[in-house]
1. Over the Cα atoms of the range 84-136, how large are the radius of gyration and the largest Cα-Cα distance (Dmax), in Å?
2. What fraction, in whole percent, of alpha-carbon pairs in the range 65-104 exceed 13 Å separation?
3. Give, in nm to one decimal, the length gained when the segment between S73 and S53 is fully stretched (0.36 nm per residue of separation minus the Cα-Cα distance).
4. Net charge near G110, counting Lys/Arg +1 and Asp/Glu -1 over other residues with Cβ under 12 Å of its Cβ?
5. Between T112 and A86, what is the FRET efficiency for a Förster distance of 30 Å, r being their Cβ-Cβ separation, to the nearest 0.05?
6. What list of ³J(HN,Hα) couplings, whole Hz, do you get for the range 18-25 from phi and the Karplus terms 6.51, -1.76, 1.60, once you set θ to phi - 60° and write x for glycine and proline?
7. Would you mind working out the accessible area per residue for the chain, using a 1.4 Å probe, and quoting it in Å²?
8. Each residue of the range 104-109 in order: what ³J(HN,Hα) in whole Hz does its phi give by Karplus 6.51 cos²θ - 1.76 cosθ + 1.60, θ = phi - 60°, with x for Gly and Pro?
Amino acid sequence: MVSSLQSELPPISLRMCDVERLRNLAEAASEKYPQTADFLAREIDRAEILADSRVVPGLIVMGSEVTFRDDISHQERCVTLVYPEAADVEDGKISILTPIGAALIGLSVGQTIEFQTPGGRWRSLTVVRAYPPREALN
């Protein structure tokens with residue numbers, strides 16, 4: 001049997017304002033976190049790029065508060081997706097340069113993604129809720 005990876009990854013979308021910084025991050029992290037940086041770069045390359053003014057309800061962008069379900073353990077977790085310098089696991093702020101962060105960016109509510117962790121395990125996450133960044137609400 002081949003891996004449990006879905007034959008097709010779900011379609012994703014990224015805001016134009018996030019793309020360049022995410023590309024630079026993936027490139028800068030390629031030596032320290034090669035697998036996650038490569039995963040993030042592939043996600044950026046396959047994403048539909050949206051105008052910054054386009055609002056897509058339920059789309060995960062940088063700064064989004066996200067509730068996702070681990071499809072193996074069935075546990076739900078609420079996190080905020082942030083750039084590495086703002087990461088604080090205790091406060092629920094996960095870096096885009098983590099496997100989960102790279103997997104979540106660009107997904108929408110209801111979508112599921114399967115990915116391999118740097119340790120070789122397969123994970124499957126489903127987005128339950130996604131709220132826009134707090135600064136976007138003001």
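The values are calculated or read from the model by the stated rules, or taken from the named source; none is laboratory data. Since the model is a prediction, treat every value here as computed from it, not as a measurement. As a convention, Cβ positions derive from the backbone with ideal geometry for all residues, glycine included, and neighbour counts pool all protein chains shown. Calculation scope for accessible area: heavy atoms of the full protein, side chains included, ligands and nucleic acids excluded. Shrake-Rupley method; radii C 1.70, N 1.55, O 1.52, S 1.80 Å.
1. So, for the range 84-136, Rg and Dmax equal 12.1, 36 Å respectively.
2. Details: 380 of 780 pairs.
Value for the range 65-104: 49 percent of Cα pairs lie more than 13 Å apart.
3. Net length gain for the segment: 3.5 nm.
4. Working: positive: R69, R129; negative: none.
Result for the local shell: +2.
5. Working: r = 26 Å, r/R0 = 0.88.
Step by step, r from the Cβ atoms, then E = 0.70.
6. Listing the rounded values in order: 8, 4, 5, 5, 5, 4, 4, 4 Hz.
7. Numbers: 7920 Å² over 138 residues.
Here the residues of the chain average 57 Å² of exposed surface.
8. Along the range 104-109, the couplings run 6, 4, x, 6, 10, 3 Hz.
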